[in-house]
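Here's the structure we're looking at; comments come further down.
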């Protein structure tokens, strides 16, 4: 039994040595880049879509880019200065137009102001609502009910707030009085009895 195992191991060792020698002395058709001429390397890079620059070309390119950046920055600052002076001139013109405005324009602006005040008063009216939360009511159902009664503007957004802040699992059963001037935080605190 020793003899066949010994012969087998000698065969494996010999085969390994032969493969090592063949691999060491043959490059397999692959040429090392340091052995290639510069022109061939440049051609190969251009074929692959690269651009090759000499040291001096690279320096001039970087200097030109720096100059171009400086000039664009200067243009931007001058444009900003020009726009600020133009804005000042427009404001002055608007002020003079307002001072010299007709009575009709003043009356129109007064009526517009009154309409705006009426709208603001309508928006400022506080709506109170008593919500009854029963067992099994989901937070999405509560949010929809609050939206239907104009307490909140967006039910999905309020439901997301309840979920992300951890209030959706702590909502209590019972009746709660809420109003449309409450924030999401205040609503959540009321609904969780905190």
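With 10 angstrom as the radius, rank 164, 192 by how many other C-beta atoms surround their C-beta, starting from the fewest. Numbers along the way, then the final one.
Working: 164 9, 192 16.
Result, fewest neighbours first: 164, 192.
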Note to self: Quick check: pseudo-label points 7 Å beyond the Cα along Cα→Cβ at residue 6 and residue 125, how many nm apart are they?
What the structure shows: 11.1
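Quote to one decimal, in nm, the extra length available between residue 177 and residue 25 on full extension: 0.36 nm per residue of separation minus the C-alpha distance between them.
Taking 0.36 nm per residue and subtracting the Cα distance, the gain is 45.7 nm.
Go through 139-146, 174-181, 59-66, 154-161 and give me the packing order, highest mean Cβ count within 10 Å leading. Before the final figure, lay out the partial values.
Numbers: 139-146: 18.9, 174-181: 13.4, 59-66: 10.5, 154-161: 16.8.
Ranked by mean Cβ neighbours within 10 Å, highest first: 139-146, 154-161, 174-181, 59-66.
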Note to self: Given points 7 Å out from each Cα along the Cα-Cβ axis, report the residue 165 to residue 153 separation in nanometres with one decimal.
What the structure shows: 1.7
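Here, each number is a calculation from the coordinates, and none is a lab measurement. Remember, it's a predicted structure, so these values are computed and weren't measured experimentally. Backbone-built Cβ (ideal geometry, glycine too); neighbour counts: all protein chains shown.
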